[in-house]
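Below is one structure, written out as C-alpha cells; comments come after it.
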Amino acid sequence: MTKLLLSLHVLASILAVGPITVAASMFPRYAKPPVPGSEGPHDHDTRTAAFLHKICRAYALVGIAVPVLGIATGAQMGVLGDAWLLASIVLTAVAAALLMAMVLPGQRELLMDATVPERRSAATRLAMTTGIFNLLWATVVVLMIVRPGSTTGA
C-alpha cells in the first residue's frame, strides 16, 4: 500500500504542481503591457495570459491531492513526526496559501485591470511572488529527496 500511495503522491506532484509552476511563471510575461514607445516584438497577449490563469486555477484544484496523498503516505510509512516531513508540510501550506491569496488573485486582477502603469508594476510584483511560490516547491522537493535526519535508509 505504501508504494501505491507514494507513487500516486509523486504522480500528483508532477502532474499538478508542475503545470502550475510553469504557467504561473509565464503569466506575468504575457500579462505585462509593452513599454510605451518600445520597438520590436512584445510578449503581451491577454488571451495567452487568460489561458495560463485558467491552467493555474484548474491545476490548483487537482493539486489538493498532493498533500492529501503525501500525508497518507507519511502515515503509512510512520514518519509523520519526522522533522523533514513536518517542514515539508509547513512549506506546502505556505505555498498553497501564497497561491490562493496572492498568485491567483494577482493574475485575475491583471486580467481585469486596464491601467498600464499600475499593471506593469503589478506584473513585476506577481513575478516575484510566483518565484517565491516556485522556490517553496523546489525546497519541498529537495526535502522529499534528501529527508534530513530520516532513519528510513533512503
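Quick look at the values:
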read-out	value
Some residue of the stretch 116-127 being surrounded by fewer than 17 Cβ atoms within 10 Å (Cβ to Cβ) and at pLDDT 90 or above	yes
Residue match in the stretch 81-97 (condition: surrounded by 14 or more Cβ atoms within 10 Å (Cβ to Cβ), over 22 Å from the mean Cα position of the chain (by Cα) and either under 30 Å from Pro33 (Cα atoms) or modelled with pLDDT under 95 (or both))	yes
Within the stretch 22-52, tally of residues that are open to solvent by less than 30 Å² (accessible area, probe 1.4 Å) and either at pLDDT 95 or above or part of a helix (DSSP H, G or I) (or both)	7
Scope the stretch 62-112; condition in contact (Cβ under 8 Å) with a residue 60 or more places away in the chain and hydroxyl-bearing (Ser, Thr, Tyr); matching residues	Thr73
Subset of the stretch 98-114 [open to solvent by 60 Å² or more (accessible area, probe 1.4 Å) and out of contact with any Ser or Thr (no Cβ under 8 Å at 6 or more places or on another chain)]	Met100, Ala101, Arg108, Glu109, Met112, Ala114
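The values are calculated or read from the model by the stated rules, or taken from the named source; none is laboratory data. Owing to the predicted nature of the structure, the values given are computational and were not obtained by experimental measurement. Cβ coordinates were reconstructed from backbone atoms using ideal geometry, including for glycine residues, and neighbour counts include every protein chain displayed. What goes into the accessible areas is simple: the full protein's heavy atoms, side chains included, and nothing from ligands, DNA or RNA. Shrake-Rupley method; radii C 1.70, N 1.55, O 1.52, S 1.80 Å.
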